[in-house]
Amino acid sequence: MRVKENDVVNQINISTEGILIDGKKVHITGQTMIDNAVIATANIKDANITTAKIANLAVGTAAIANAAITNAKIGNLSVGTAQLQDAASTNAKIANASIDSAKISSLSADKLNAGAIRGIDIFGSKFRSSDGSTNLEIVGGNVRLTQNGGSYVNMNPNGVYGYNSGGSERFRMDKGLVTSASLGTSNSNVYLAPDSTNEVRVVDLASIPSDGIAENYSYRPIRV
């Protein structure tokens, strides 16, 4: 059926190729079912869609009250405010993140800049000076302070021991012996102070340490 021009406003053309409804405005009042529709442009005032498969979707602005997304790939996402109740992120790159409070059960980081770290245990760590010339670490029960040249100092509950870069002892200070190139005080005097029942004795270094019995030491003269 076809109506010529200037007869009616709209026309319906039925042929073997298809059905053409041509009009400025088509109003369908009843329930309409379209098995396969190709729509160039559509304005849907209130759409209730149970299931949709969209190959390519461009949305200018969307307000989604309750969205359940199983898998999403987002090239560029700008979020003003987000609340994530339970988020599992396999791989995330965050250029600049400001986090007020975080609970992290396990953290693996190549580089960490922090103003203050409190209330934690640190295992296998080495602290370096800002100029990189000295480092501090715990090795075999010793707190070791090492310089770039290789010399180092070990500190433990038994005493303080200094070593040259080759490993030879440079000085020591423990219960049994104190060694140094010289002894001095801030006022240039040295005071040896045994208690009232004992005396000062000069012994050979080779006999140190010993058991404290006078006969078991080799004595050296005192030069004044």
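The values are calculated or read from the model by the stated rules, or taken from the named source; none is laboratory data. This one's a predicted model, so the numbers in the text were calculated from it and none came from an experiment. Neighbour counts are summed over all protein chains in view; Cβ atoms, including those assigned to glycine, are modelled from backbone coordinates with ideal geometry. Side chains included, ligands, DNA and RNA excluded: accessible areas come from the protein's heavy atoms. Shrake-Rupley method; radii C 1.70, N 1.55, O 1.52, S 1.80 Å.
Could you tally the net charge around P221, taking each other residue with its Cβ under 13 Å from the Cβ of P221, Lys/Arg +1 and Asp/Glu -1? Before the final figure, lay out the partial values.
Values: positive: R201, R220, R223; negative: D204.
So the environment of P221 carries a net charge of +2.
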Open item on the list: Using only the Cα atoms of region 1-158, what are the Rg and Dmax in Å?
Closed with: 34.6, 114
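Hey, got the dipole for the chain? About the Cα centre, +1 on K and R Cβ, -1 on D and E Cβ, debye to the nearest 20?
400 debye
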- [ ] Specify which residue in the list I34, V59, S78 is farthest towards the positive end of the charge dipole of region 1-113, using unit charges on the beta carbon of Lys, Arg (+1) and Asp, Glu (-1), about the Cα centre.
- [x] S78
Open item on the list: For a quick check: with amide H placed at 1.01 Å from N, whose amide H comes under 5 Å from S165's, ignoring anything fewer than 5 positions away on the same chain?
Closed with: S151
Task: Whole-Hz couplings from phi, Karplus 6.51/-1.76/1.60, listed for region 210-220; x for Gly and Pro - done: 9, 9, x, 8, 4, 5, 9, 10, 9, 9, 10
Task: Two-site label geometry, D35 and Y219: point separation in nm, points 7 Å out along Cα→Cβ - done: 12.3 nm
- [ ] Name the lysines eligible as straight-distance cross-link partners of K53: C-alpha to C-alpha under 28 Å, and not fewer than 8 places from it in the same chain.
- [x] K45, K73
Task: Selected from F171, S108, V139, residue furthest toward positive end of dipole (region 67-210; charges at beta carbon) - done: S108
- [ ] Once you have a ≥ b ≥ c as the square roots of the Cα gyration tensor eigenvalues for region 10-69, tell me rounded if a/c is under 1.5, and otherwise prolate or oblate according to whether a/b is larger than b/c.
- [x] prolate
Open item on the list: Probe of 1.4 angstrom, ligands and nucleic acids ignored: what's the accessible area per residue over the chain, in square angstrom?
Closed with: 98 Å²
Task: Pairwise centroid distance, computed over Cα atoms, of region 113-191 with region 60-77, Å - done: 58 Å
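What ranking, highest mean first, results for peptides 196-207, 110-121 when packing means the other Cβ atoms within 10 Å averaged over each residue?
With the highest mean Cβ count within 10 Å placed first, the list reads 196-207, 110-121.
Roughly how compact is region 128-224, stated as its Cα Rg over 2.2 N^0.38 Å to two decimals?
On the way: Rg = 17.3 Å, N = 97, 2.2 N^0.38 = 12.5 Å.
Cα-based Rg divided by the globular estimate yields 1.38.
Report, in debye and to the nearest 20, how large the dipole of region 1-131 comes out about its Cα centre when Lys and Arg carry +1 and Asp and Glu carry -1 on their Cβ. Could you put the intermediate results ahead of the total?
Working: 13 positive and 11 negative charges, 75 e Å.
Taking the Cα centre of region 1-131 as origin, the dipole is about 360 debye.
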